[in-house]
Protein chains: 2
Amino acid sequence: MFRQLASASEVVRILLDKCEPVGRKELIPIAEARGRVISEDVVSPVDLPGFSRAAMDGYAVRAEETRGAGPLAPVYIGVGNVLGENTCVPIRTGAPIPDGADAVVMKEDVVLRGDHVEITAEVHPNRNLARVGEDAALGETVFWEGHRLRPPDIALLAAVGLRDVEAYQMPKVAIIPTGSELVPACSGRSLEPGQAYEINGLMAELYARAWGCSPVRAAIVEDDPGLIEEAIGSNLDADLILLIGGTSVGEMDHVPRVLSDLGELVVHGVRITPGKPTAAGFVGNVPVVCLPGYPVAALAALYLFARPLIMKLAHRRDELRRVKARLSRKIVSRPGYLSFARVTLKGDVAVPVMTSGAGILSSITRAQGYVLVPEEVEGIEAGDVVELTLVE
Amino acid sequence: MFRQLASASEVVRILLDKCEPVGRKELIPIAEARGRVISEDVVSPVDLPGFSRAAMDGYAVRAEETRGAGPLAPVYIGVGNVLGENTCVPIRTGAPIPDGADAVVMKEDVVLRGDHVEITAEVHPNRNLARVGEDAALGETVFWEGHRLRPPDIALLAAVGLRDVEAYQMPKVAIIPTGSELVPACSGRSLEPGQAYEINGLMAELYARAWGCSPVRAAIVEDDPGLIEEAIGSNLDADLILLIGGTSVGEMDHVPRVLSDLGELVVHGVRITPGKPTAAGFVGNVPVVCLPGYPVAALAALYLFARPLIMKLAHRRDELRRVKARLSRKIVSRPGYLSFARVTLKGDVAVPVMTSGAGILSSITRAQGYVLVPEEVEGIEAGDVVELTLVE
């Protein structure tokens, strides 16, 4: 039997409390840095733009010479190749502003008449041009430590001439599937009666990668305490270990005991359904989350426990995507347990998937997301609006 | 000057109308198929599970022999290794149900007394077991054409023994930066006065990849109609061409004219700001979007025009992430134009970025997202709730 069951939120709090974001850094080419979190403030090594440039096609002028210009009171200025008193210079968008000029009059506000122009709009200094360093000044901090790089951010790094950026390393997640009945997925090996393909490790690996980690999937470990201990021991360079299977309270469920022997078993048994056999703890400073072997329970534990840890390890704060929808029929849940209820979204109507089996993977594949039904309620009524977390 | 300006929604409608999702298919290993869209219905080649299996630790029984059992009226049945009349068999979660048994009594509802058990709960047939094919039946369609694969979906494919899946090819997006003043980004080459690094192509490439495409970034093309024509011509195997720069109405802005000569220029000039010089059309069946050279305008055009096209080409329907927030101060916008207003999110308060420059990249890098201010309004007042689209 399980000892005292913990609530999901307690488990998350305990794990997060004891886990530190990855501190290791590395230099990476900016073109490969999308989604990466920078590990130091980035200061612009140059002025951007490096020269005053025209923001419009038109004429570079001394602003004061356009004073009072208007449609009914045009100002006449000569046109030349060199700026001078009462001489302006034609200019194209993006071109350097000639020395002495401090504004650009838009082409639309000018009529060219031979060797001079008729200017029909006054401009103020700095009008229609980008000043030196206006986008980023030499020495200005353009990004702070902890910023997660998006394509326009990378474009700015490129614009100031940077080629590499220092970022936190992606958390290394070791995934260790356990179970003597398991056969490697995608191996092409056929199944004997009683056997199944190892699919949770594959699923965990895909999520770990999607959530910004560098996953390492270990070979399947048999239900043997010594072998499980060995597998954990050889993955202690990871930032997070995900053990899969063997977490229940049967004779062959060695995982929690091994964790307890090697380090600290913080929790075994959580008030969530499915996912009750989830266990978690630490070996040294390495957090270990033991996911139940049933795929739906494994998914619930990945979302509820592994993901918050991964976000912290990876210096990320991004939230899951949620939508509101009205329930087509009642979600039946188990009071005292946080329920991970699978729901299909049809337009803005949420239809609960009618299956309770933690082993029924198609209850997820037919769902767009899940609704978490709080411990203290006995279900959610048809017609109520629920918040659905989309399964990525 | 621009000819008639089109509205952003008209442009999107015209482009989408004439563009077809990519029809090319390929077989890919399932472990690499996350995010891919399947191109044919997937039918399970086996029953999953392939055998009836216990869903609980307990005893495999003939359900009828437990009839009437309760805490005050236990039923006594013998225990053996082989199921028979009045003989049940101990069983572990996941193990095959022995022939003749049709239910499992949970361990919790049983007291073992030597060679027999005392059962204190009645079970119905199929209770606490997974039937053959319950998750996926042989010949059952588990995914339909057009489904985008998530990790649990891939786990189901692996569970039924599939190793590859047929998916639509990722749209090939050719990115062609133009501009004689441009120097390749990340090249380490220093800039002469008047030059700038080519950053929009890099940004477009990163977005195209993030949005599920296979991007190809061409070399920078000078502002020469013949060279631009050549670059388009050698990329007509793409599903979408993104031309960058040279879209305005200056002397060196050849892109729209070249597009018009080679194929059909559908629009040149859109009522958005920034982004007015956006142009679009088709060469043969290949849609071509011409992004303005100013980076903020390029970003606006990527989000407003390239992304909807890419989603259609890629058979995707996923929406951008949006959040609601209250404006800290007024967004000033230009009536008659759809405004792409950059906004910083501070908690649930949206702070407009105070810059109007389409060339000021830091107006994006300092923003979490953008608010689209409709054409018909003159801005949005402080205190109003706006919907902010997060910049990915």
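What follows draws every value from the coordinates through simple rules; no lab data is involved. Please read these numbers as outputs of a predicted model, since none were measured by experiment. Cβ coordinates were reconstructed from backbone atoms using ideal geometry, including for glycine residues, and neighbour counts include every protein chain displayed.
Remarks
- Tally of Lys pairs whose C-alpha atoms are under 28 Å apart, taken over chain B, 8 or more apart or cross-chain: 13
- Enclosing the Cα atoms of the stretch B:185-294 in their convex hull gives a volume equal to 117 cubic angstrom per residue.
- Between this copy and the others, label points of A:Arg24 are 3.8 nm apart in ascending order, each placed 7 angstrom from Cα in the Cβ direction.
- Starting from the label point of B:Ala219 at 7 Å along Cα→Cβ, the same points in the other copies fall at 5.0 nm, in ascending order.
- For B:Asn86, the point set 7 Å out from Cα toward Cβ sits 12.6 nm from its twins in the other copies, listed from shortest up.
- Here the stretch B:53-130 has an Rg and Dmax of 10.7, 31 Å, counting Cα atoms alone.
- Shown for A:Asp318, A:Asp102: other C-beta atoms within 10 Å of each C-beta, ranked fewest to most, produce the order A:Asp318, A:Asp102.
- A:Asp135 long-range amide H proximity, modeled H, under 5 Å: A:Leu48
- For the stretch A:371-378, the Karplus equation 6.51 cos²θ - 1.76 cosθ + 1.60, evaluated at θ = phi - 60°, returns couplings of 10, 8, 8, x, 3, 7, 10, 10 Hz by residue, with Gly and Pro reported as x.
- Relative contact order (percent, whole number), the stretch B:53-130, Cα cutoff 8 Å, 6+ residue spacing: 45
- Å³ per residue enclosed by the Cα convex hull of the stretch A:110-210: 254
- Averaged over B:319-326, number of beta-carbon atoms from partner chains that fall within 10 Å: 1
- Per-residue mean of foreign Cβ neighbours for B:279-290 is 0 (Cβ atoms of other chains, 10 Å radius).
- Computed across chain A, the Kirkwood hydrodynamic radius from all distinct Cα-Cα pairs reaches 25.4 Å.
- Take the convex hull of the alpha carbons in the protein assembly as shown; its mean projected area over all directions comes to 37.2 nm².
- Order of A:Leu227, A:Leu265 - criterion: other Cβ atoms within 10 Å of each residue's Cβ, fewest first: A:Leu227, A:Leu265
- Pair B:Arg329, A:His124: separation of 7 Å Cα→Cβ label points (nm): 1.5
- Averaged over A:206-213, number of beta-carbon atoms from partner chains that fall within 10 Å: 3
- Likely footprinting exposure, A:Cys213, A:Cys88, fewest C-beta neighbours within 10 Å first: A:Cys213, A:Cys88
- In this simple spin-label approximation, B:Val111 and B:Val82 carry label points 7 Å from Cα along the Cα→Cβ vector, and these lie 3.1 nm apart.
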